[in-house]
Amino acid sequence: MPLTSHLAELRSCLIKALAAVLAAFIPSFTYAELIFGALTVPLKSLQIPGLKLIGTAVSEAFFTKMKVAFIASIFLTFPVILWQTWRFIAPGLYEDEKRYARSFVFFGSLFFLLGAWFCYEVMFRVGFRFLLERYQVIEVRPAIRIAEYLSFSSSLLLAFGVVFELPIVAYFLTRIGLMDHRFLIREIRYGVIFIFILAAVLAPPDIVAHVLLSFPLAVLYGVSIGAAYLASRNRS
């Protein structure tokens, strides 16, 4: 395919993915208050003395609800986003490689949700407690803006969802012959650099968030080596 055809196909996939997100926005907006309430549960459960969520602008509550609905739409339509991604790369694959499409979408979506769940249940509680207890050390009562909290928490949720895709990507790239576990082991030095760069790109502009994301990324790199090894054995 010429470059213009590739660009046209990319545009088509992006439009369909965006249309799915927009279609999911309306029901997400309807339940945005419940979703935001669920996002604040890990924060409120810490029982930090004096902790409260505040708003400092007239429109802050409304735009926070809009952002919550948009983020929820991404989670709801992530299988569609993965499917459109697969549709874009499928023309470059052999016929026997295209049969992995359903598995890629299913396990990709599963690991994305698993990453978000891990962030919500583990990293939120550990990270929030560590950060907010610093207020107690300096005897200051924390008052957190809802917009800042949403930005921080949603960025981490999406970041963990994305990085949990690494083993899936490694498995399928090995199955189609583009890499193997030996490559990941041989290039582990560059893998470490990639981990810190990816953490800096995905995480909010906060050094603690980078550290919270870098450790699971390092673990997932090891899991990716195992996934690539398993895929290479299945190919043989």
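Every number in this text was worked out from the coordinates using simple rules, so none of it is lab data. Just so you know, these numbers come straight off a predicted model, no measurement behind them. Neighbour counts run over all protein chains shown; Cβ positions are idealised from the backbone, glycine included.
Spatially close Lys pairs in the chain, defined by Cα atoms under 30 Å apart and a spacing of eight or more places or different chains, total 8. Projected label points at Y190 and E139, each 7 Å from Cα along the beta carbon direction, are separated by 5.5 nanometres.
The phi torsions of segment 146-157, fed into the Karplus equation with coefficients 6.51, -1.76 and 1.60 and a -60° offset, translate into couplings of 5, 5, 5, 5, 4, 4, 5, 5, 5, 4, 5, 4 Hz, rounded to whole numbers, with Gly and Pro shown as x.
Each residue of segment 226-233 was assigned a 3J(HN,Hα) from its phi angle through the Karplus curve 6.51 cos²θ - 1.76 cosθ + 1.60 (θ = phi - 60°); the sequence is x, 5, 5, 5, 4, 5, 5, 5 Hz, with glycine and proline shown as x.
About its Cα centre, the dipole of the chain is roughly 200 debye, where the only charges are +1 on Lys and Arg Cβ and -1 on Asp and Glu Cβ. Highest GNM mean-square fluctuation among Y120, Y221, Y149, for the chain modelled with Cα contacts below 10 Å: Y149. Between E148 and Y31, the distance separating the two model label sites (each 7 Å from Cα on the Cα→Cβ line) works out to 3.0 nm.
Can you give the translational diffusion coefficient of segment 1-58 in µm²/s, computed by Stokes-Einstein from the Kirkwood radius over Cα pairs at 25 °C and 0.890 mPa s? Once the numbers are plugged in, D ends up at 159 µm²/s. Amide H contacts for R145 (H built 1.01 Å from N in the peptide plane; partners 5 or more residues away or on another chain; cut-off under 5 Å): I54. Annotation: Cα Rg of the chain relative to the compact-globule expectation 2.2 N^0.38 Å equals 1.15. For segment 28-156, the Kirkwood estimate of the hydrodynamic radius, built from every pair of different alpha carbons, is 17.0 Å.
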